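The values are calculated or read from the model by the stated rules, or taken from the named source; none is laboratory data. Just so you know, these numbers come straight off a predicted model, no measurement behind them. We place every Cβ from the backbone using ideal geometry, glycine too, and count neighbours over all the protein chains shown.
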Amino acid sequence: MKFKTLLPHLVALVIFLIASAVTFWPQFQGKVLRQGDVVAYRGASKELMDYSQELGEPVLWTGTSFGGMPTYQIRTIREGNQLGLFEQPLANVLPSQAGNFFLGLICAYLCLIIVGVNPWLSIAGALGIVLATSNIVLWKAGHTTKVMTIFYLPLILAGIVTAFRRKYLLGGLIFALGMGLAIKANHPQMLYYFGLTVPFYGVAELITAVRKKQLPHFFKAAGVLVFGLLLAVGSGASNLLPTLEYAPSTMRGGQILETPIQTGNSGSASDAKSTGLDWEYAMQWSNGLIDAVATYAPLAAGGGSGEEVASTTALGEAMRDVGYPARKTYPAPLYHGALPFTEGPYYLGAVVWALFLFGLFTARRSLAIWLGLGTLLIMVMSSGKNVASFNRLLFDNLPLLNTFRTPNSALSISTFMMLALGVLGVSTWLTTLKIDPERGRKQLLYAGITAAVLGAVIAVVLPATITFAHPNDVATLERMTQGQIDVTPLLAPLEETRAAVYRSDAWRSFLYVGLAFATLLLLFRRSVSPLVGGLMLAGLLIFDFGGINGRYLSKEDWTKQPRVSTPFQATAADQQILRDTDPHFRVFNLTVNSFNDASTSYLHKSVGGYSAVKLRRYQDLIDGYLAERDADVLNMLNTKYYIIPDENRQPSARQNPAAFGPAWLVNSVQIVNSNDAEFTALGSVANLRGTAIVHEDFADVVSGLSPTGAGSIALTKYSPDELTYAFKSSSEQLAVFSEIWYGPDLGWKAYVDGVETDLIRTNYLLRGVRVPAGEHEVKMVFDPKTYAAGVTISWISSLLIILGLAGYLAYRWLNGRRLRNTAVPVEDLPARGTKSAS
């Protein structure tokens with residue numbers, strides 16, 4: 001390959017390295033970004049990571065969150081999946097965050113190159129796709145898996161388009177790689193949303209194939225993509241199989257109780273037959289109209305929930321007038337959209353909007369239909385309950401959709417789709433200009449008029465018709481001022497400030513749209529080359545996003561990394577509890593948001609925790625008993641310590657001597673005939689310590705058993721997925737363990753002296769074992785079959801993808817070499833105007 005051909009790709013690499021390094025420059029100075037979800041992950045994963053390191057193998061259960069739960073959605077299982085061989089060399093070129101964004105830039109660039117876009121436009125497209133404000137805001141919040149999934153979507157698109165361009169094998173392999181990496185990144189919601197848009201392209205290509213009588217071609221392309229999908233799913237089987245097995249047992253898997261608990265905030269479904277999340281719970285983060293406008297003008301809805309405003313604004317002046325301490329800036333509740341709160345806007349980019357509108361007029365019809373209608377679908381879905389008639393239809397009928405929440409997060413994939421369409425449109429338009437300049441002129445004119453009308457509506461019409469008030473303004477202002485002043489005089493200035501920042505950002509975006517179309521006009525007039533035009537668009541995208549990204553990821557968000565990095569510092573109460581030498585007990589921390597907190601799980605085995613996929617039975621327990629701090633239920637969970645605020649509002653440890661311990665023997669068994677009865681009995685049984693509540697499903701296992709409670713059982717060895725107990729009794733007993741039920745047949749197995757025995761569900765969500773008279777070792781081991789099967793499938797499938805790509809590249813290289821070696825020398829070619837001897 002000639003250097004001239006390689007040059008733009010080398011320039012792209014340099015630009016991407018610089019862009020990644022500049023964006024995350026503080027990390028090169030030894031600083032770290034405190035990401036909320038990452039900190040929570042470190043809290044929830046502390047035990048499993050410690051034991052994994054100690055045992056030298058993955059730990060699939062943790063006892064530190066919600067009494068105990070599988071680790072499948074705390075730590076992504078990647079054993080067996082070899083696709084990391086592709087991402088690690090690129091992601092490790094730069095450290096940490098910068099490396100991941102560099103990897104994203106490479107994926108986006110490769111996508112555009114593969115589908116035929118020239119390198120200079122591809123550089124612009126890649127920069128816009130990856131450095132979008134929505135990605136920066138998500139990364140700052142710690143939504144790493146979401147961002148990484150988005151970064152792999154371009155490879156999926158490239159594979160689909162390549163396959164339908166008759167490069168079947170290459171398209172299938174690229175699609176398998178992109179889909180496999182996206183599955184490995186482990187944010188299925190983003191992948192699901194993108195998948196919903198693909199049928200638009202399939203239908204468009206099918207119609208074209210029917211019209212041109214090319215159905216065999218269509219089915220070949222579809223066939224290789226289906227095969228690629230199977231390989232991709234197989235590559236992620238080590239994580240997918242256990243997760244799919246786990247999902248029905250979680251709060252997203254439907255109801256267990258015949259009469260569900262209605263709380264309004266737990267994700268409870270509306271009736272016992274329904275599955276998935278409750279509509280209202282799932283739709284809490286639904287965009288309103290003003291949030292949609294913020295995709296064009298970032299401060300249209302006020303930005304984030306805690307924006308800083310200058311003292312020179314109407315609100316700043318009003319705060320001084322009412323006697324609030326003078327400052328240069330004030331954290332103000334500027335956000336007035338439909339979300340409960342937000343870190344920042346899903347700003348898709350003014351330049352991106354300009355190119356997207358242009359692409360609608362210029363891109364190939366099948367791509368315009370796919371990415372245009374797909375973007376519209378995503379925007380409507382992001383509105384959730386605010387477009388209830390349409391979204392409720394999808395929610396109730398599309399498979400898996402009712403297991404996802406925060407519909408506004410669908411917008412995360414929009415920048416990629418819109419910019420991909422725009423760049424593809426510009427690429428096609430440049431070809432059109434050579435063939436039919438008049439058609440190209442009309443396309444530019446119509447797209448420009450459309451962009452101007454949209455900008456005028458947003459900048460001029462909407463500010464005159466919408467309200468800048470919010471129902472919670474009084475409450476949020478009182479919280480902001482800590483009740484020090486009467487906030488009534490601040491309401492009108494607050495609305496005035498919101499209107500001012502709306503108009504300022506709307507006109508800013510209108511300017512960037514104009515500059516984007518001015519660049520296209522220069523390309524139309526051939527005043528600049530595609531190289532210069534591409535770099536100009538890249539510059540506009542960088543300045544557009546850079547100006548907004550700095551509002552949400554500034555140098556103040558980075559902190560110097562301490563020599564010993566500990567996300568949660570132990571309080572005096574924590575230190576007191578940590579001195580307890582008992583191998584296994586639980587802590588209920590009442591100084592934090594107990595059931596949405598990971599700090600306690602970092603240091604202790606917590607009654608609470610942080611997870612969006614808690615076990616359904618445990619969520620029921622929270623709603624029915626733990627939220628009310630039912631003493632007997634907390635005792636059966638072996639809650640040995642409470643952390644409560646003392647008189648100085650500092651955490652204080654209080655020991656609970658009534659805790660039942662890790663295991664105990666009961667003297668009676670109460671058989672119930674329904675889940676409701678099993679659950680209700682927890683609050684009605686007079687002696688929960690001496691009674692085991694057993695569902696009739698397990699009646700045959702306890703048949704003939706007459707326990708007395710005489711004897712002893714004690715925990716002798718603790719590991720998250722292997723617990724050993726010493727039992728001694730002169731008669732057969734039923735032992736109840738303070739361990740969370742997950743089953744039946746989902747991985748937990750019980751053994752008495754090495755012989756497997758039945759596990760019995762007791763007390764709605766605990767485990768029990770029938771133990772014969774005598775002295776015995778009772779052991780419980782977590783060994784899910786799906787994990788071992790998944791690892792094997794992942795090895796085979798990921799290696800097939802790798803070998804397929806390596807074989808294809810080797811074939812192309814060898815074939816190219818053979819053609820070069822057999823090429824006819826120039827001197828042997830007949831002179832122009834003469835005939836060969838033959």
(request) Determine, yes or no, whether residue 265 is modelled with pLDDT under 95 and surrounded by 24 or more Cβ atoms within 10 Å (Cβ to Cβ). (result) no
(message) For the range 725-755, give me the residue count where each residue is of a type in the set (Asp, Glu) and out of contact with any strand residue (DSSP E or B) (no Cβ under 6 Å at 6 or more places or on another chain).
(response) 2
(request) Would you point out which residue out of 84, 68, 36 is of a type outside the set (Phe, Trp, Tyr) and at positive phi? (result) 68
(message) So for the range 20-40 (the condition being buried (at least 17 other Cβ atoms within 10 Å of the Cβ), part of a helix (DSSP H, G or I) and touching an Asp or Glu at 6+ places or on another chain (Cβ under 9 Å)), does at least one residue qualify?
(response) yes
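A quick yes/no check of all residues on (1) within 30 Å of residue 663 (Cβ to Cβ); (2) surrounded by fewer than 17 Cβ atoms within 10 Å (Cβ to Cβ); (3) not aromatic (Phe, Trp, Tyr):
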{"position": "542", "(1), (2), (3)": "no, no, yes"}
{"position": "553", "(1), (2), (3)": "no, no, yes"}
{"position": "596", "(1), (2), (3)": "yes, yes, yes"}
{"position": "607", "(1), (2), (3)": "yes, no, yes"}
{"position": "611", "(1), (2), (3)": "yes, no, yes"}
{"position": "616", "(1), (2), (3)": "yes, no, yes"}
(request) Grab the helices (runs of 4 or more DSSP H) fully contained in the range 413-483, keeping just those with 3 or more residues being outside the structural domain of residue 189 (by TED's automatic domain parsing) and buried (at least 21 other Cβ atoms within 10 Å of the Cβ). (result) 414-435, 437-456
(request) Might you let me know whether the range 217-232 holds any residue that is assigned to a helix (DSSP H, G or I) and in contact with a Lys or Arg (Cβ under 7 Å, 6 or more places away or on another chain)? (result) yes
(request) Please work out which one of (1) over 23 Å from residue 698 (Cβ atoms); (2) modelled with pLDDT of 95 or more; (3) not charged (D, E, K, R) is the condition residue 830 fails and give its number. (result) (2)
(message) Return the residues of the range 123-181 that are of a type in the set (Ser, Thr, Tyr) and touching a Lys or Arg at 6+ places or on another chain (Cβ under 7 Å); say none if nothing qualifies.
(response) 168
(message) Looking at 603, 621, 590 in this structure, which one is surrounded by 12 or more Cβ atoms within 10 Å (Cβ to Cβ), among the hydrophobic types (A, V, I, L, M, F, W, C) and in contact with an Asp or Glu (Cβ under 6 Å, 6 or more places away or on another chain)?
(response) 603
(message) Can you report the number of residues in the range 400-427 which are at pLDDT 95 or above and in contact with a Lys or Arg (Cβ under 8 Å, 6 or more places away or on another chain)?
(response) 1
(message) As an exercise: evaluate residue 735 against (1) touching a Lys or Arg at 6+ places or on another chain (Cβ under 7 Å); (2) in contact (Cβ under 8 Å) with a residue 12 or more places away in the chain; (3) not basic (Lys, Arg) and give the number of the one condition it does not meet.
(response) (1)
(request) Take the range 326-349 and flag every residue that is under 23 Å from residue 157 (Cβ atoms) and touching a Leu at 6+ places or on another chain (Cβ under 8 Å). (result) 346, 348, 349
(request) Go through the range 283-306 and give me each residue that's touching a residue at least 40 places away in the same chain (Cβ under 8 Å) and in contact with a Phe, Trp or Tyr (Cβ under 7 Å, 6 or more places away or on another chain). (result) 294, 295, 296, 297, 298, 299, 300, 301, 302, 303, 304
(request) Could you grab me the full set of residues in the range 797-818 that are under 11 Å from residue 81 (Cβ atoms) and among the aliphatic types (A, V, I, L, M)? (result) 799, 801, 802
(request) Check 350, 338, 368 and return the single one that is in contact with a helix residue (DSSP H, G or I) (Cβ under 7 Å, 6 or more places away or on another chain), hydrophobic (A, V, I, L, M, F, W, C) and crowded, with 24+ Cβ neighbours inside 10 Å. (result) 350
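Rundown of residues vs (1) assigned by TED's automatic domain parsing to the domain that holds residue 616; (2) under 30 Å from residue 783 (Cα atoms); (3) of a type outside the set (D, E, K, R); (4) crowded, with 17+ Cβ neighbours inside 10 Å, yes/no style:
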{"position": "44", "(1), (2), (3), (4)": "yes, yes, yes, yes"}
{"position": "50", "(1), (2), (3), (4)": "yes, yes, no, no"}
{"position": "54", "(1), (2), (3), (4)": "yes, yes, no, no"}
{"position": "64", "(1), (2), (3), (4)": "yes, yes, yes, yes"}
{"position": "70", "(1), (2), (3), (4)": "yes, yes, yes, yes"}
{"position": "86", "(1), (2), (3), (4)": "no, no, yes, yes"}
{"position": "91", "(1), (2), (3), (4)": "no, no, yes, yes"}
(message) For a quick check of your reading of the model, give me the residue pairs whose first member lies in the range 412-433 and is under 10 Å from residue 371 (Cα atoms), whose second is among the polar types (S, T, N, Q) and in a helix (DSSP H, G or I), with beta-carbon atoms closer than 6 Å and at least 6 apart or on different chains.
(response) 414/375; 417/375; 418/375
(message) Quick check on residue 508: is it within 21 Å of residue 310 (Cβ to Cβ) and modelled with pLDDT of 95 or more?
(response) yes
(request) Having 2 or more residues that are within 27 Å of the chain's Cα centre (by Cα) is the bar; report the helices (runs of 4 or more DSSP H) wholly within the range 535-636 that clear it. (result) 599-603, 616-621
(message) Which pairs turn up if I take residues in the range 606-623 that are farther than 16 Å from residue 762 by Cα and not assigned by TED's automatic domain parsing to the domain that holds residue 744 and look for partners that are surrounded by fewer than 24 Cβ atoms within 10 Å (Cβ to Cβ) and among the acidic types (Asp, Glu) with beta carbon separation below 7 Å, at least 6 apart in sequence or on another chain?
(response) 608/597; 610/597
(request) Just give me the residues in the range 313-363 being free of Cβ contacts under 8 Å to residues at least 60 places away in the same chain, in a loop (DSSP other than H, G, I, E, B) and more than 25 Å from residue 294 (Cβ to Cβ), in sequence order. (result) 325, 326, 327, 328
(message) With the requirement that a residue be within 18 Å of residue 556 (Cβ to Cβ) and crowded, with 19+ Cβ neighbours inside 10 Å, what does the range 306-333 give you?
(response) 307, 309, 330, 332
(request) Of all residues in the range 209-237, count the ones that are within 36 Å of the chain's Cα centre (by Cα) and among the basic types (Lys, Arg). (result) 1
(request) Find the residue count for the range 375-402, including only residues that are surrounded by fewer than 21 Cβ atoms within 10 Å (Cβ to Cβ) and not hydrophobic (A, V, I, L, M, F, W, C). (result) 7
